[in-house]
Amino acid sequence: DLLHAAPERVFEKRLRALPNLRYTAGSLFPRRHQVRVDLTDIPFPEGSFDMVICNHVFDEIPDDRRAMAEIHRVLRPGGRLITQTPIDPDREVTFEDPSLSPAERRRIFQTADDVRTYGRDFAERLAEPGFDVQLVDYVAELDPRTVERHALREQGGNVNGSDIHVALKRAD
């Protein structure tokens, strides 16, 4: 059982086609075969999923800690959250300011949707609800030409440190 939050179309299509997977695509603004899911109040019972995929979403949620706790709640013991988000390795602590206007957010974060820039404390935030966190900096494993060709260290035209993928396991 997989919950895919804010599903990317290319992944959604492929995951739906897998015969041995019960796939649920959830979005705050659902399309076609998706269900409405607010990650701060997930409409499924505790222990509903074996895996949750949530890419580039936490930096847009005003109460990201609540969303992380809700994802932890709907995962079965031993379940996994796979997420990715940009982390600024020069920041020790996540920067967030809920009073910023959309124009200020666009200037600071390169998008009006983001409400924070994660620092090196991102793993600690994810561990708060009980996840066993494993940081995987996949970019560090690639050769420099591949990184440059796919612009894996850039966001909005600016070098942005590591785009670290995080795999999390709910403690049993």
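The values are calculated or read from the model by the stated rules, or taken from the named source; none is laboratory data. Worth saying up front: this structure is predicted, and the values here are computed from it rather than measured. Note that we place each Cβ from the backbone using ideal geometry, even for glycine, and neighbour counts take in every protein chain shown. What goes into the accessible areas is simple: the full protein's heavy atoms, side chains included, and nothing from ligands, DNA or RNA. Shrake-Rupley method; radii C 1.70, N 1.55, O 1.52, S 1.80 Å.
Quick check, is ARG149 open to solvent by 70 Å² or more (accessible area, probe 1.4 Å) and either in contact with a strand residue (DSSP E or B) (Cβ under 9 Å, 6 or more places away or on another chain) or of a type in the set (Val, Ile, Thr) (or both)? It is false that ARG149 is open to solvent by 70 Å² or more (accessible area, probe 1.4 Å) and either in contact with a strand residue (DSSP E or B) (Cβ under 9 Å, 6 or more places away or on another chain) or of a type in the set (Val, Ile, Thr) (or both). Selection of the stretch 35-55 for residues being surrounded by 15 or more Cβ atoms within 10 Å (Cβ to Cβ), touching a helix residue (DSSP H, G or I) at 6+ places or on another chain (Cβ under 8 Å) and not aromatic (Phe, Trp, Tyr) yields LEU39, THR40, ILE42, SER48, VAL52, ILE53, CYS54.
Criterion first (acidic (Asp, Glu) and not in a loop (DSSP other than H, G, I, E, B)) does GLU12 satisfy it? Criteria met by GLU12. Per this entry, VAL52 is not counted among residues that are among the aliphatic types (A, V, I, L, M), in contact with a Pro (Cβ under 7 Å, 6 or more places away or on another chain), at pLDDT 95 or above and within 22 Å of PRO129 (Cα to Cα). Of the residues ARG91, ARG125, ARG65, the single one that is outside any strand (DSSP E or B), within 18 Å of the chain's Cα centre (by Cα) and under 24 Å from ALA140 (Cα atoms) is ARG125. GLU104 passes every criterion in (1) open to solvent by 50 Å² or more (accessible area, probe 1.4 Å); (2) part of a loop (DSSP other than H, G, I, E, B) apart from (2).
Look at (1) of a type outside the set (Phe, Trp, Tyr); (2) within 24 Å of VAL74 (Cα to Cα); (3) surrounded by 13 or more Cβ atoms within 10 Å (Cβ to Cβ) and you find that ASP114 fails only one, number (2).
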